[in-house]
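For reference, the structure discussed in these notes is given below.
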Amino acid sequence: MTAATRIRPAAPARRPAAILPRLIAPLVFAAIMLAFTLLTPAFLTGDNLLAVLNQTAILALVAAGMTVVVRSGGIDLSVGVPLDLAALAAAAAIADHYVAWVAVAAGLAFGLAVGLVNAFLIVVLRIPPFLATLSVWFIGTSVQQL
């Protein structure tokens, strides 16, 4: 029997009770959007939506990276450390009157360094990801406070 001649069983029909839990979050989101639109006339304007997108862009990038990590079966508790250290490095470069590309390069270098430390601990030293990233988180927050 070839793959083309096999008969596949029909997918089970979804009952409305099974779909309802999946609709709760979108319905609550729509209700919140409607409430804020009615309460504040400036909420659903182009400028406000652009400001919201601008403020959440970095968080969305970090969340996309974390999605890959979690999907692969790992965990990264130190996800804020590279972001914070990169911001600190870039801010320090800007405060010292370096040009913008130097500040961006400094930020990327600090973020890359934290990622390489995590990778070394997990891959080379075979420390479980939970413990490795937790220790990097503690060390990174201490470095930030210094």
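The values are calculated or read from the model by the stated rules, or taken from the named source; none is laboratory data. Computed from a prediction, not measured in an experiment: that's the story for all the values here. So basically every Cβ, Gly included, is an ideal-geometry build from the backbone, and we count neighbours across all protein chains shown. These area figures cover heavy atoms from the full protein model, side chains too; ligands, DNA and RNA do not enter into them. Shrake-Rupley method; radii C 1.70, N 1.55, O 1.52, S 1.80 Å.
Which of [x] 1.57; [y] 1.35; [z] 1.69 is the computed Cα Rg over 2.2 N^0.38 Å for the structure on display?
Label of the calculated value: [x].
In whole percent, and with a 1.4 Å probe on the protein chains, what portion of the accessible area of the range 71-115 is carbon and sulfur?
Working: 2030 of 2770 Å².
That share works out to 73 percent.
Specify the angular offset, from 0 to 90 degrees and rounded to the nearest 10, of the alpha carbon long axis of helix 129-145 from the longest principal axis of the alpha carbons in the chain.
40 degrees
What does the charge add up to near A132, with Lys and Arg as +1, Asp and Glu as -1, over the other residues with Cβ less than 11 Å from its Cβ?
Summing Lys/Arg as +1 and Asp/Glu as -1 gives 0.
Given the rule -39500 (n - 2.57) for each run of at least 4 DSSP H residues, summed and divided by the residues of the chain, what is its mean residue ellipticity at 222 nm, to the nearest 500 deg cm²/dmol? Each step should come with its number before you reach the end.
Working: 5 runs with 103 residues, N = 146.
Counting only the DSSP helices, I get -24500 deg cm²/dmol.
Between the helical axis of 46-71 and the dominant principal axis of the chain, each derived from Cα atoms, what acute angle in degrees is found, rounded to the nearest 10?
90 degrees
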